[in-house]
Amino acid sequence: MSVENGEGDDYQAYPILGDNRFTGTWCDNFQKEKDLISFTDFKTGLQFKGKLEKNKIQLSILLGNHLLTEIELKNSITDWKIGGFKNDNKNSILKLTEMEYLISKDSFPNTHSVVISKKGKIEYENYFDGYNSNIPHDMKSASKSISSGIVGIAKDKLLFNSVKQSIFDFLPEKYQIHKDSLKTKIDIQSLLTMSSGIDAIDYGINTNPKSSATENNYQRTPDWIEAILKAPMIHKPNTNANYGSANPALLGVAMDSVISEPLELFIDKFLFQKLKISNYIIQTDLRDKPYFGGGMYLTPKDMLKFGELYLNKGKWQSKRIISKKWVKKSFKNYRNLENVTDKNGYGYLWWHNTYQINEKNIKSIEARGNGGQYIFVIPCLQTVVVITSGNYRNGKTQQPEEIFEKHILPYLEN
């Protein structure tokens, strides 16, 4: 751990984990009084308390008031060992030796996993850079598609009437001040399709870095929903699609308002338990509510299960979890995203893309997350492909598309 003096009496703590497969903590509420420090991990809720001594830090980690462990951190006197991981290659039906060679030679850097199923049976499973089947991976915005599924389950249970309902039907009283003749037309469907019309474009063409409704800006405020709603409208709802996490963030608030039990328990009971998923993390917002904008952690095989659920039109292992009607609406292409270079079609928080193999077009519906987190659902091949990666700041966030098109798809066709 590095405890560093910023400006004046401002200090920051930087925990450094010994295993770089873990993305680290998101430190919040850092406090320092003389030689005592404390902070929380925003992602997990873990509490850290420590005492700074001359040559070491005594650190306690707590969950609530329960002590989990105590460790003693001393200055490093030897160089850290980097790399040396072995790949965890399972027995696979598909032989993707060319892809594996290119990953091993760093031609496809920071590829962490590739898992493929066809007709519900795993045909390929491989992990790289020390990852394995038991490590939940940060899905980033790929978990927006899971958020869409939660909305669908709530709709199937008649917890709200229609996707045409205004978002203001669901918002607490303190936010009603932002309701006007145009914003009142922001409905659930417009949020599912990135078509709210709010100036909330997170990146790409026409983004406004000064808008309070971009994810980078609203997450720095004490009230994310207030920051989103006070932003101006740039389009009429349900007319133009532009990618922005503010849209599903509002969906999360809407679902929390209609679900009587804690939202995280609803997600566990009606989705994850039914998919036999137990090894996961849900990122929360400042209200300690599940954040629908992204950041869930699932293992690649559990991500595969979610893709199979949609491939099978809402069923998993012959059991209905989401209605066939909702899946069909989710996979519909409502309009193209205007802020992205490829102008991808977009459904209910699902991307559309088309690949070519032997002059044949193959349509794919995809969950996508920053850094290269992908769930490819390919109905015409009855196949789901999951690729996880760690390409966050090197311009290779769409690398899985190349891996899929050039080094996986030709073998699926055979």
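The values are calculated or read from the model by the stated rules, or taken from the named source; none is laboratory data. What you see is a predicted model, and the numbers here were worked out from it, not measured in a lab. Every residue, glycine as well, gets a Cβ built from its backbone with ideal geometry; the counts of neighbours run over all protein chains shown.
Annotations for the structure displayed:
- For Ile93, the requirement of being of a type in the set (Val, Ile, Thr), crowded, with 17+ Cβ neighbours inside 10 Å and assigned by TED's automatic domain parsing to the domain that holds Val377 is not met.
- Taken over region 262-283, residues that are part of a helix (DSSP H, G or I) and either touching a residue at least 40 places away in the same chain (Cβ under 8 Å) or closer than 17 Å to Gly294 by Cβ (or both) amount to 7.
- As a summary of the residue check, His235 satisfies the conditions (1) part of a helix (DSSP H, G or I); (2) closer than 30 Å to Asp342 by Cβ except for the one numbered (1).
- Considering region 1-96, the qualifying strands (runs of 3 or more DSSP E), each wholly inside and each with 3 or more residues that are at pLDDT 80 or above and of a type outside the set (A, V, I, L, M), run over 27-33, 36-41, 47-52, 56-63, 66-74.
- Residue in region 175-194 that is among the small types (Gly, Ala, Ser) and either surrounded by 24 or more Cβ atoms within 10 Å (Cβ to Cβ) or at pLDDT below 95 (or both) present: yes
So that you can scan it fast, the table gives a plain yes or no per residue for (1) closer than 28 Å to Ile281 by Cα; (2) exposed (fewer than 14 other Cβ atoms within 10 Å of the Cβ); (3) free of Cβ contacts under 8 Å to residues at least 12 places away in the same chain; (4) not assigned by TED's automatic domain parsing to the domain that holds Tyr131:
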| residue | (1), (2), (3), (4) |
| --- | --- |
| Gln31 | yes, yes, yes, yes |
| Asp35 | no, yes, no, yes |
| Asp41 | yes, no, no, yes |
| Lys49 | yes, no, no, yes |
| Leu59 | yes, no, no, yes |
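- In this structure, Gly197 does satisfy being modelled with pLDDT of 95 or more and closer than 22 Å to Asn242 by Cβ.
- Residue within region 254-261 that is touching a residue at least 40 places away in the same chain (Cβ under 8 Å) and under 30 Å from Val115 (Cβ atoms) present: yes
- All positions within region 318-347 that are in contact with a helix residue (DSSP H, G or I) (Cβ under 8 Å, 6 or more places away or on another chain), small (Gly, Ala, Ser) and within 15 Å of Ala367 (Cα to Cα): Ser330, Gly347
- Every condition in (1) charged (D, E, K, R); (2) modelled with pLDDT of 95 or more; (3) crowded, with 17+ Cβ neighbours inside 10 Å holds for Asp138 except the one numbered (2).
- Any chance Leu265 is assigned by TED's automatic domain parsing to the domain that holds Ile135 and out of contact with any helix residue (DSSP H, G or I) (no Cβ under 9 Å at 6 or more places or on another chain): no
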